[in-house]
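Undergrad: I'd like to ask some things about the structure below.
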Amino acid sequence: MSMPSMLKSLKLLADPTRLRILHLLDLEELSVADLQELLGMGQSRISTQLSQLKAGGLVEDERSGKNNIYRSSMVPGVATLARDAAGELPETSKDLTALRHLMRKRQDRARLYFDQLAGRFGRDYVPGRSWRGLAEALLKVMAGGVVADLGAGEGTLSQLLAQRAEQVIAIDLSEKMVEFATGLAAQHGIHNIEFRVGDIEAPPLEPASLDLAVFSQALHHAAHPQRAIDAAHAALKPGGRLVILDLLTHNFEQARELYADTWLGFGEGEVAAMLERCGFTEIETAVVDKEPEPPFFQTLLAVARKRSAPA
């Protein structure tokens, strides 16, 4: 950073409220409403501080439906200084406890939703669960080898993949969903699927063990979609492929409550950027379906390949 920028950063860090906000955003991506809950402050006060931090280049934001999601954009030297300074604030311990509680609530809310949905996926409406979209994805890859279905739910897609794959590893956060899916696969006589309980941001997978990884309407439930994609990249073999089926960006805010959605879909460019960021190549995206009824959800398909190992 130039000297004027560093001086401006130091001035911004000198305010305890801005420092608390920065420290939280350095740990998690949060909305104004999240920060209100964590800090017990009014919306106007937090928005004012965020505006100053954004003008100073210390935070950036991204639109998600009606909300702006904020994250830290501090350079490493300033981030280290902010963390050290935050450690001297008496409120920091309370802030971190509140943040852990908020993240647990997010995860518990998603787990409860899928626990309640276990056994009903074939009958209940799930936005973006387009069989046309699934068919498009399967035709793109026609996979064999070892496949991971990340955020597998009751394992409907896993069972389709198992018809061509050597082995399918189906991962879901909900223990009840995994239990139900295991029984369903056994009932259908499918024995090459292994169901595992796990978070798609840190899936129980060996590095470089997969030929194909699939996120089917799972990524918008992740607190950190980039981490989920990074984890899938690490689990793929060189030359392995990734398929993402998700919702295109929309403004149906009720999806957060109705379907435990964390993100209101993604743009094609946004998904491509996340894939590029962790090193995927041969990236293709397309909108493969549009629902005929309001709110007219659209299904986004993205396909990419992990770089092959050097010869």
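Undergrad: Just the Kirkwood number for the chain, please: inverse of mean 1/r across all distinct Cα pairs, in Å, one decimal. Present the calculation step by step, with values, prior to reporting the outcome.
TA: Details: mean 1/r = 0.0480 Å⁻¹.
Kirkwood radius, the chain: 20.8 Å.
Undergrad: Under the classification rounded if a/c is under 1.5, otherwise prolate if a/b is larger than b/c and oblate if not, where does segment 159-217 fall, given a ≥ b ≥ c as square roots of the Cα gyration tensor eigenvalues?
TA: In terms of gyration-tensor shape, oblate.
Undergrad: Between Glu37 and Asn68, what is the label-point separation in nm under the 7 Å Cα-to-beta-carbon projection?
TA: 2.0
Undergrad: Additional query: Take the Cα gyration tensor of segment 191-261, multiply each eigenvalue by 5, square-root it, and list the three semi-axes largest first, rounded to whole angstrom.
TA: Values: eigenvalues 124, 36, 25 Å².
Over the Cα atoms of segment 191-261, the ellipsoid semi-axes are 25, 13, 11 Å.
Undergrad: Considering only protein heavy atoms, what per residue accessible area in square angstrom results for the chain with a 1.4 angstrom probe? Write down the numbers at each step before the final one.
TA: Working: 14590 Å² over 311 residues.
Value for the chain: 47 Å² per residue.
Undergrad: On to the next question. Is any residue of segment 188-221 close enough, with backbone N under 17 Å, to a label point placed 7 angstrom from the Cα of Arg307 along the Cα-Cβ axis, and if so, which?
TA: 208
Undergrad: What distance in nm separates the simple spin-label points at Glu175 and Ala273, each placed 7 Å from Cα in the Cβ direction?
TA: Each label point is offset 7 Å from its Cα along the Cβ direction, giving 3.9 nm.
Undergrad: What are the ³J(HN,Hα) couplings of segment 238-252, residue after residue, when phi is run through the Karplus curve with 6.51, -1.76, 1.60 and θ = phi - 60°? Round to Hz, x for glycine and proline.
TA: x, x, x, 10, 10, 10, 10, 10, 8, 7, 5, 3, 9, 10, 7
Undergrad: In a Debye calculation with equal point scatterers on the alpha-carbon sites of segment 157-311 and no solvent, what is log10 I(q)/I(0) at q = 0.11, 0.12, 0.15, 0.19 Å⁻¹?
TA: With no solvent term, the Cα-only Debye profile gives -0.46, -0.54, -0.85, -1.28.
Undergrad: Can you work out the Karplus-derived ³J(HN,Hα) for every residue in segment 273-289? Use 6.51 cos²θ - 1.76 cosθ + 1.60 with θ = phi - 60°, whole Hz, and x for glycine or proline.
TA: 5, 5, 5, 5, 4, 9, x, 5, 10, 6, 7, 10, 9, 7, 8, 10, 7
Undergrad: What value in Å³ per residue do you get for the convex hull of the alpha-carbon atoms in segment 1-81?
TA: Numbers: hull volume 6.8 nm³, N = 81.
Residue-normalised Cα hull volume stands at 84 Å³.
The values are calculated or read from the model by the stated rules, or taken from the named source; none is laboratory data. Everything numeric here is computed off the predicted structure, so don't read it as measured data. Note that each Cβ is placed from the backbone with ideal geometry, even for glycine, and that neighbours are counted across all protein chains shown. Ligands, DNA and RNA are stripped out before the accessible areas are found, and what is left, the full protein with its side chains, is counted by its heavy atoms. Shrake-Rupley method; radii C 1.70, N 1.55, O 1.52, S 1.80 Å.
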